[in-house]
Structure formats: C-alpha cells, structure tokens
Amino acid sequence: MNCPDVELKPKAVAIMVSRFADFETGRNAHPSQAKIAAMCGYSKTEPVSNILSSLRDDGWLYRDGKGPTLPNGRANDRYRLTVPDCGHEHDGSALPDVLK
Ligand SMILES: [Zn+2]
C-alpha cells in the first residue's frame, strides 16, 4: 500500500480490510462496514461504503461474494486484496507490507 496515488483515508480503510484477509492469499476478508468505520474513527458507515467503492474502482479490492451468514440473517461483502496497474509497477510483494 505504498502507492502515492492513494490518499490517507482510503489507505486506512484498505489497511483495515487487509487485516481481515487470509495472510497467504489476500482473500476472504469480510469485515462489517461498521467494524471498519469503528477502526478508522468514523461514526457512520456511509464514508466507509464510499471509500470501499472507490477502492474497488481503483483496483485495490475485488468484491468476490459474501462472507458467512450472520446471526441476523445478513452477510458482509467479501473482498480479495488486489494490486492495480497504476503505473508504479507494484507487485504482489507489496501485500505482506499491507498486512502488517
Ligand atoms: Zn501505484
């Protein structure tokens, strides 16, 4: 996550999502937006939802389904960490740094 094109707030959200991903694969991250909001200091989920959308658009996250069904009958979005072709030639070796 050392891309100079990513601003601080999206970077914080991406790092929080990455902490829920499987370390070896960067897959299977399905934190609730409420949890991400709490971890990043937002009182509402709306900004988190917008940032997740922009991270998807920019190629840092891929939404590949849903996490397990929760007791309330709903399920969180499930993400895979991805590295965009943003011109800086980041490669997969950046992912472990993201996960620290
Ligand atoms: Zn970059």
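The values are calculated or read from the model by the stated rules, or taken from the named source; none is laboratory data. Bear in mind that the values here come from a model prediction, so they are computed numbers and not experimental data. A quick note on method: Cβ atoms are made from the backbone with ideal geometry, for glycine too, and the neighbour counts reach across all protein chains shown.
Residues that are assigned to a loop (DSSP other than H, G, I, E, B) and polar (S, T, N, Q) within the stretch 46-70 comprise just one, 69.
Close contacts from the stretch 27-38, counting a first residue that is farther than 16 Å from residue 63 by Cα and a second that is buried (at least 21 other Cβ atoms within 10 Å of the Cβ) and modelled with pLDDT of 95 or more, with Cβ to Cβ under 8 Å and a gap of 6+ residues or different chains, come to 37/48.
Within the stretch 9-19, the residues that satisfy the criterion of being surrounded by fewer than 19 Cβ atoms within 10 Å (Cβ to Cβ) and either touching a residue at least 60 places away in the same chain (Cβ under 8 Å) or touching a strand residue (DSSP E or B) at 6+ places or on another chain (Cβ under 6 Å) (or both) are 15, 19. Go through the residues of the stretch 71-83 one by one and say whether even a single one is within 20 Å of residue 7 (Cα to Cα), among the basic types (Lys, Arg) and not in a strand (DSSP E or B). Taking every residue of the stretch 71-83 in turn, none turns out to be within 20 Å of residue 7 (Cα to Cα), among the basic types (Lys, Arg) and not in a strand (DSSP E or B). Confirm whether residue 35 is out of contact with any helix residue (DSSP H, G or I) (no Cβ under 7 Å at 6 or more places or on another chain), at pLDDT below 95 and away from the ligand (no atom under 16 Å from the Cβ). So residue 35 does not fit the description; no.
Of the residues making up the stretch 1-32, those that are part of a loop (DSSP other than H, G, I, E, B) and within 16 Å of the ligand (Cβ to nearest atom) are 1, 2, 3, 4, 5, 6, 7. For beta carbons closer than 9 Å, sequence separation of 6+ or different chains, a first residue in the stretch 59-77 that is more than 13 Å from residue 21 (Cβ to Cβ) and a second that is of a type in the set (Val, Ile, Thr) and surrounded by 13 or more Cβ atoms within 10 Å (Cβ to Cβ), the qualifying pairs are 59/82; 59/83. Of all residues being of a type in the set (Gly, Ala, Ser) and under 18 Å from residue 90 (Cβ atoms) in the stretch 20-60, which is surrounded by the fewest Cβ atoms within 10 Å (Cβ to Cβ)? Just the residue, please. The residue in question is 59.
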